Protein chains: 2
Amino acid sequence: MTQHNEQMHLGAVIMATGNHVGGWRHPHARADGGHDLAFFQHLARSAEQARFDLLFFADSVGIRERGGPQSLRRSHHIAQLEPLTLLSALAVGTERIGLVATASTTYNEPYHIARKFASLDHISQGRAGWNAVTSFTDSEAVNFNREKHLAHDLRYARAEEFIAVVKGLWDSWDDDAFVRDKAEGIYVDTERLHYLHHRGEHFSVRGPLNVERTPQGHPVLFQAGASEDGQRLAARTADVVFSAADTLEQAVAFRRGLQRQVAEQGRDPLRVKVMPGVFVIVGETEEAAWQRSRELDALVHEDIGMAQLNSMIGVDLSAYPLGGPLPTLAHTQGHQSRQRLLLEKARREGLSIRQLYQLVANAFGHKILIGAPEQIADGLQQWFEAGAADGFNIMAPFFPGAFDDFARLVVPILQGRGLFRREYQGKTLRDHLGLERVQSRYANT
Amino acid sequence: MTQHNEQMHLGAVIMATGNHVGGWRHPHARADGGHDLAFFQHLARSAEQARFDLLFFADSVGIRERGGPQSLRRSHHIAQLEPLTLLSALAVGTERIGLVATASTTYNEPYHIARKFASLDHISQGRAGWNAVTSFTDSEAVNFNREKHLAHDLRYARAEEFIAVVKGLWDSWDDDAFVRDKAEGIYVDTERLHYLHHRGEHFSVRGPLNVERTPQGHPVLFQAGASEDGQRLAARTADVVFSAADTLEQAVAFRRGLQRQVAEQGRDPLRVKVMPGVFVIVGETEEAAWQRSRELDALVHEDIGMAQLNSMIGVDLSAYPLGGPLPTLAHTQGHQSRQRLLLEKARREGLSIRQLYQLVANAFGHKILIGAPEQIADGLQQWFEAGAADGFNIMAPFFPGAFDDFARLVVPILQGRGLFRREYQGKTLRDHLGLERVQSRYANT
């Protein structure tokens, strides 16, 4: 079996034209990239040349609405190509890099999701990954016959059943079911076909899937939910967890806690990879990096900064003074775990509302690294060696410049220290992540 | 404006590894092509080199189940790559050919469909088409929380509302809405944003779509339903109708009838293109073509031949003698218009049950042309000049050989007669079809 934790894994988080709220305004940003295949092809090739494990596409099924027209018009996250459609196109012209798209369990049907990711796994020859999210905004709900998003616990109950159905559908056919015997006229051996016959609380799905079993057996399953429900679901089902942590201690505690839960579910903890998001601002020198950070801060208009913050914590803070501290807040139905991290950080560091919105504009609550290439590498190495992470989802503030800087300046240092691969060893995303191909549940029956 | 009807349009109908039920067994067929991107890339390039207007992918959201395991195991139409995922990949490496995928209005949500086809239209730079179908088999229903498929009239009511929502979402943003003013920090002009606020019988969708308005304005809308409900829907909404007709008279009557209905809806009849399916067996000589036809007939095992026929007409005929005539049959909820055509043909030509299943195995009720290249060209020219068609959806019995034969042998004759383009004149699928870019409903407000 592949050794775990010898080297770190790296994902490139791609969200419209940058992960920073004002990043699209930077002179080196392609502000119109979000609808341009050639732009994404450049990023994919850049990440593949740097030997990244994967591209990760965030998504929502509605515009990301935060605070009305005054902030909406300043947001480059409101529209971009749909990730699954885009990843199929990016599968052509790349050879090795993993392709991970977000899709909601609340606003989809499992048959479609099983089918599309199975197709992507065939098209990419084993490089597909699905980031299963439960969706948490009303601006998505209103596009799917609802007024409000579902309550947190109901979303997770549906998600768990959804994922079980998808995995079941992926095992519809044994690996050798399609015999295609021209002489006898037998295309498929129906003895190696398995109807799912699922009847549950939320779904009734007979199957089988009308796609052959895929190169990876199952496309890689990602999850990002860090609430208790989210962790429980991840412990039962995920291959990779895209986590959010601000301090080393938080990150170590999260990974250990998750591994404990994975073990309690009877799964091997080393088979679940924890990859925190890390927002990186790198410069040729430390001073250049901080200069870029100040430039980015200046690109965040107060309208959108406040709207993002309000959305993230689920409460309207516009009545409070920008220079003052956060008021005491109640829990909401929204993005619970991220909210908690932010509020803890604000209290711990005594941040003002303005400082907090600038922070959110950077990293949405993820770890931030700002510095010279060696310093960035040090930061990643420290977390990796302390057991805080199996790898990192790198969030560049804007594209393509800031991502290319990371690939050009930081990756060679990680490679030189033996912390990251110089060449791909395998072909599939599971190969890169040190995860074995998934055997069918019927394989030994 | 582009002149209509000067030249015919050609589509390549791609369904797993061939349109003929036994075609995959032919020595020149790639029986395992249905899950292989390289196989589809070959077909796409072959069709583009022949200057076809478009590739057309049929689809269903379940295995095509006809008559239990004995026939199921003989069917190569039970599994293949999901068309939308596949078409994005095919958009890369092709330059001009239109990319049309089938998606069901019964088992999807309009927001997803609007979004994915909008993305495909961006990715392909204006070559996307959506074939909207209502789905009519129980083997699809059982994958989507239902026991039975919806009744015919209910499916069409839902389809009409679904299409209205999709078209509305495609107009969410004016063409010039995304201003991306870095200096002012304005990404999008919200004055040029239109919320849909749709509240109907089947859907409640606020919008807007989170994808920019697309190169074609709206991806091209295809429909195939030829029932009264289907024609009414097409007359109101379609750009292209994929029709089925067996005789010239039927085809002329259908096209005239449809054009009349289009005019009654206040639309220009020349803006709706009628493209019947034509199943073609071409050989270097007439004798070679008939030889191939006999080879194909011999590849249809009785088990699957009967199962296909039973499925097509919605009645189990296995109790009747194969050599005898069809019994009198009642109407079913299934594929109504196709059923009527088949029964008419069987009566008219005095076909036995076996002859009818061999016919279905070829063309599923579509027009059949068998002969030397000149004869195929003659057949297409006759229909085209008689006003039976604006073009044809060419159904090759197997891939890639039989399709490549059509491209190599027949297309040059059509070009030589001035009936088909030698070079693409435009860039988008609408350009090829002589259809103008769709203006937003808000364009002159």
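Structural remarks
- Selection count, region A:268-285, where residues are surrounded by 18 or more Cβ atoms within 10 Å (Cβ to Cβ), in contact (Cβ under 8 Å) with a residue 24 or more places away in the chain and over 23 Å from residue A:152 (Cα atoms): 9
- Note on region B:117-131: among residues that are in contact with a Phe, Trp or Tyr (Cβ under 7 Å, 6 or more places away or on another chain) and more than 11 Å from chain A (Cβ to nearest Cβ), the one that is farthest from residue B:230 (Cα to Cα) is B:129.
- Listed by first and then second residue, the pairs linking a residue in region B:252-267 that is free of Cβ contacts under 8 Å to residues at least 24 places away in the same chain to a residue that is part of a helix (DSSP H, G or I), with Cβ atoms under 6 Å apart and 6 or more places separating them unless they lie on different chains, are B:259/B:269; B:263/B:269.
- There is at least one residue in region A:249-261 that is in contact with a Phe, Trp or Tyr (Cβ under 8 Å, 6 or more places away or on another chain) and within 24 Å of residue A:229 (Cβ to Cβ).
- Residue check, residue B:371 within 28 Å of residue B:76 (Cβ to Cβ), touching a residue at least 24 places away in the same chain (Cβ under 8 Å) and either touching a strand residue (DSSP E or B) at 6+ places or on another chain (Cβ under 8 Å) or buried (at least 18 other Cβ atoms within 10 Å of the Cβ) (or both): yes
- Pairing each residue of region A:193-217 that is on the phi > 0 side of the Ramachandran plot and facing chain B (nearest Cβ under 10 Å) with any residue that is open to solvent by 10 Å² or more (accessible area, probe 1.4 Å) and part of a loop (DSSP other than H, G, I, E, B), provided the two are 6+ apart or on different chains, yields C-beta distances under 9 Å for A:197/A:206; A:207/A:194; A:207/A:195; A:207/A:196; A:207/A:197; A:207/B:142.
- For region B:139-149, a residue qualifies if it is free of Cβ contacts under 8 Å to residues at least 12 places away in the same chain and more than 10 Å from chain A (Cβ to nearest Cβ), and exactly one does: B:148.
- Residue tally, condition in a helix (DSSP H, G or I) and either of a type in the set (D, E, K, R) or in contact with a Phe, Trp or Tyr (Cβ under 9 Å, 6 or more places away or on another chain) (or both), over region B:135-162: 10
- Just one of the listed residues (A:101, A:91, A:114) is more than 7 Å from every other protein chain (Cβ to nearest Cβ) and touching a strand residue (DSSP E or B) at 6+ places or on another chain (Cβ under 7 Å), namely A:101.
- Within region A:150-191, being farther than 15 Å from residue B:75 by Cα and without any contact (Cβ under 8 Å) to a residue 24 or more places away in the chain holds for A:154, A:176.
- Single condition residue A:46 does not satisfy, out of (1) outside any loop (DSSP other than H, G, I, E, B); (2) facing another protein chain (nearest Cβ under 7 Å); (3) of a type in the set (Ser, Thr, Tyr): (2)
- Restricting attention to region B:123-174 and to residues that are of a type in the set (S, T, N, Q), surrounded by 21 or more Cβ atoms within 10 Å (Cβ to Cβ) and modelled with pLDDT of 95 or more, the residue that is farthest from residue A:143 (Cα to Cα) turns out to be B:124.
- Candidates in region A:76-122 are the residues that are within 25 Å of residue A:152 (Cβ to Cβ) and assigned to a loop (DSSP other than H, G, I, E, B); of these, the one that is modelled with the lowest pLDDT is A:77.
- The number of residues in region A:157-174 being more than 13 Å from chain B (Cβ to nearest Cβ) and aliphatic (A, V, I, L, M) comes to 4.
- Enumerated helices (runs of 4 or more DSSP H) restricted to region A:385-445, each holding at least 3 residues that are closer than 30 Å to residue A:290 by Cβ: A:401-405, A:411-416
- Selection of region A:246-267 for residues being open to solvent by 60 Å² or more (accessible area, probe 1.4 Å) and part of a helix (DSSP H, G or I) yields A:249, A:253, A:256, A:260, A:264.
- Positions within region A:302-331 being assigned to a helix (DSSP H, G or I) and either among the hydroxyl-bearing types (Ser, Thr, Tyr) or in contact with a strand residue (DSSP E or B) (Cβ under 6 Å, 6 or more places away or on another chain) (or both), in sequence order: A:311
- Taking each residue of region A:417-435 that is open to solvent by 20 Å² or more (accessible area, probe 1.4 Å) and looking for partners that are of a type in the set (A, V, I, L, M, F, W, C) with beta-carbon atoms closer than 8 Å, six or more apart or interchain, yields A:417/A:377.
- Per the listing B:183, B:177, the residue uniquely open to solvent by less than 10 Å² (accessible area, probe 1.4 Å), within 12 Å of chain A (Cβ to nearest Cβ) and either more than 30 Å from residue A:161 (Cβ to Cβ) or hydroxyl-bearing (Ser, Thr, Tyr) (or both) is B:177.
- Residue that is farthest from the other protein chains (Cβ to nearest Cβ) [pool: residues in region B:54-74 that are of a type in the set (A, V, I, L, M) and in a loop (DSSP other than H, G, I, E, B)]: B:58
- In summary, residue B:220 fulfils each of the numbered conditions (1) modelled with pLDDT under 95; (2) surrounded by 23 or more Cβ atoms within 10 Å (Cβ to Cβ) with the single exception of condition (1).
- For region A:26-39, filtered to residues that are open to solvent by less than 50 Å² (accessible area, probe 1.4 Å) and more than 9 Å from chain B (Cβ to nearest Cβ), the residue that is nearest to residue B:88 (Cα to Cα) is A:39.
- Figure legend. Inter-residue proximity from region A:56-70: first residues small (Gly, Ala, Ser), second residues crowded, with 24+ Cβ neighbours inside 10 Å and at pLDDT below 80, beta-carbon distance below 6 Å, spacing 6+ or different chains. No pairs are indicated.
- Among the numbered conditions (1) of a type in the set (A, V, I, L, M); (2) modelled with pLDDT of 95 or more; (3) closer than 28 Å to residue A:389 by Cα; (4) touching a strand residue (DSSP E or B) at 6+ places or on another chain (Cβ under 6 Å), the only one that residue A:58 does not meet is (2).
- For region B:109-130, filtering for residues that are more than 13 Å from residue B:217 (Cα to Cα) and either free of Cβ contacts under 8 Å to residues at least 12 places away in the same chain or among the acidic types (Asp, Glu) (or both) leaves 2.
- A single member of A:127, A:158, A:115 is within 17 Å of the chain's Cα centre (by Cα) and among the basic types (Lys, Arg), and it is A:127.
- Of all residues in region A:286-332, those satisfying the criterion of being among the hydroxyl-bearing types (Ser, Thr, Tyr), open to solvent by less than 70 Å² (accessible area, probe 1.4 Å) and touching a residue at least 24 places away in the same chain (Cβ under 8 Å) are A:293, A:311.
The values are calculated or read from the model by the stated rules, or taken from the named source; none is laboratory data. This one's a predicted model, so the numbers in the text were calculated from it and none came from an experiment. Positions of Cβ are generated from backbone atoms using ideal geometry, with glycine treated the same way; all protein chains shown enter the neighbour counts. Surface areas here come from the heavy atoms of the whole protein model, side chains and all, with no ligands, DNA or RNA. Shrake-Rupley method; radii C 1.70, N 1.55, O 1.52, S 1.80 Å.
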